[in-house]
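This is the structure, below, for whatever I ask next.
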Amino acid sequence: KDAQSGSFRSEDRLLSGIWDICGRAVRNCAQESYVDCPSREKGQYLGDNTITGHAHLYLSGDSRMVRKALRDFALSTAVCPGMMAVAPGNFMQEIADFSCQWPMQLLTYYRHTGDAEFLREMLPYAEGIVEYFRKYRRADGLLADVKDKWNLVDWPDNLRDGYDFPLTRPAGDGCHNVINALYYGCMKSVQEIKDELQMEYEDALPGFKTAFLAAFYRPESRLFTDAVNSGHSSLHAVVFPLLFGLAPEEAVTALV
């Protein structure tokens with residue numbers, strides 16, 4: 001990566017083609033905002049921006065679109081303090097998984113730009129997401145019965161690797177892995193933002209991690225299960241604990 005934009009070279013023709021088609025997708029879908037496709041639905045989806053915004057920073061070296069997208073979703077808290085899933089616009093869709101990723105996107109923007117002023121301005125919205133989902137905490141601190149926003153896990157539903165929890169709208173009763181892993185990642189990102197801004201806070205991660213491991217980790221298999229009382233371990237139930245550092249060191253090889 002040079003100072004302005006990213007480039008990639010490979011002797012593998014297939015790999016070069018993958019880079020090319022992905023780069024074209026990001027460029028063609030960066031219009032007035034990031035859109036999920038250039039002509040059909042044309043919605044800026046919050047969860048998509050975890051990938052699209054990050055990729056656009058590398059491809060273009062231009063952070064303005066990412067900054068605008070972050071502000072678009074911050075403004076959506078006027079509708080719901082837990083953020084909308086599509087913004088700007090009047091499509092009233094809410095996805096819990098996507099809301100939990102916004103602080104991670106903000107942190108990614110900051111690490112590429114060093115824009116501490118914007119980071120400080122946006123921090124209250126990140127804190128607002130943590131606070132919004134607090135109402136779903138059960139006695140051990142894990143989220144359960146998160147019913148007012150869609151629990152997505154993945155889309156379409158046949159690519160959820162048999163995820164063993166009713167992801168109906170509203171979601172089924174109980175406590176499942178992915179929304180809790182993402183909420184942990186949300187809290188972790190907010191604390192890392194406060195570290196960057198040299199702000200004090202009470203560390204909420206150790207207690208939550210202990211509860212997460214007790215609920216979902218199976219030492220005998222060294223895998224995480226999809227939900228409380230489930231014996232199934234989907235791809236999604238192991239990817240997010242790996243991403244956010246929830247996995248015990250001795251489990252990493254098995255999870256991979």
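With +1 on each Lys and Arg Cβ and -1 on each Asp and Glu Cβ, how big is the dipole of the chain about its Cα centre, in debye rounded to the nearest 20?
Values: 26 positive and 35 negative charges, 89 e Å.
Roughly 420 debye, rounded to the nearest 20.
Among the listed pairs Lys68/Lys188; Lys135/Lys188; Lys42/Lys188; Lys147/Lys188, which are separated by more than 29 Å between their Cα atoms?
Correct reply: Lys42/Lys188.
Run through the stretch 134-204 and list the trypsin sites (Lys or Arg not before Pro) located in a DSSP loop whose Cβ has at most 15 other Cβ atoms within 10 Å. Write out the running numbers ahead of the final one.
Details: sites: Arg134, Lys135, Arg137, Arg138, Lys147, Lys149, Arg160, Lys188, Lys194; in loops: Arg138, Lys147, Lys149, Arg160.
For trypsin sites (Lys or Arg not before Pro) across the stretch 134-204 that sit outside H, G, I, E and B with at most 15 neighbouring Cβ atoms in 10 Å, the list reads Arg138, Lys147.
Tell me, which cysteines of the chain are without a disulfide-compatible partner by the Cβ under 4.7 Å rule?
Cys22, Cys29, Cys37, Cys80, Cys175
So if I take the centroid of the Cα atoms in the stretch 71-144 and the same for the stretch 147-196, what is the distance between those two points in Å?
So the two Cα centres are separated by 14 Å.
Please work out how much length the chain gains when fully extended from Val79 to Glu249, using 0.36 nm per residue of separation minus the C-alpha to C-alpha distance, in nm with one decimal.
Between Val79 and Glu249, full extension yields 57.1 nm more.
Can you figure out the FRET efficiency of Ser39 with Ala139, using R₀ = 45 Å and their beta-carbon distance, to the nearest 0.05? Walk me through the intermediate numbers first.
On the way: r = 49 Å, r/R0 = 1.09.
E(calc), rounded to 0.05, equals 0.35.
Given 0.36 nm per residue, what is the gain on full extension from Ala204 to Lys147 after removing their alpha carbon distance, in nm? Let's see the in-between values first.
On the way: separation 57, 0.36 × 57 = 20.52 nm, distance 2.34 nm.
Here the segment from Ala204 to Lys147 would lengthen by 18.2 nm.
Lys/Arg Cβ at +1, Asp/Glu Cβ at -1, dipole of the chain taken about the Cα centre: which of Ala237, Trp102, Asn28 is farthest positive-ward?
My answer, from the dipole projection, is Asn28.
Under a point-charge model restricted to the Cβ atoms of Lys and Arg (+1) and Asp and Glu (-1), what is the dipole moment magnitude of the stretch 1-65 relative to its Cα centre, in debye to the nearest 20?
Numbers: 8 positive and 9 negative charges, 18 e Å.
In debye, rounded to 20, the stretch 1-65 gives about 80.
Then there is this: Between rounded, prolate and oblate, where does the stretch 88-244 land on the alpha carbon gyration tensor, with a ≥ b ≥ c its root eigenvalues, rounded for a/c under 1.5, else prolate if a/b exceeds b/c?
prolate
Tell me the per residue accessible area of the stretch 20-76 using a 1.4 Å probe; a whole number in Å² is fine.
Counting only protein heavy atoms, the per-residue value for the stretch 20-76 is 51 Å².
Which of the aspartates and glutamates could be linked to Lys149 by a straight reach, that is with a Cα gap under 16 Å, when you skip same-chain ones fewer than 8 residues away?
Glu94, Asp97, Glu131, Asp173
A further question follows. Sorted by accessible area (1.4 Å probe), largest first, how do Trp150, Trp155 line up?
Numbers: Trp150 30, Trp155 145 Å².
My answer, sorted largest first, is Trp155, Trp150.
The values are calculated or read from the model by the stated rules, or taken from the named source; none is laboratory data. Please read all numbers here as calculations on a predicted model, not as lab measurements. Here Cβ is always computed from backbone atoms with ideal geometry, including for glycine, and neighbour counts include all displayed protein chains. Surface accessibility is based on the protein's heavy atoms, side chains included, excluding ligands, DNA and RNA. Shrake-Rupley method; radii C 1.70, N 1.55, O 1.52, S 1.80 Å.
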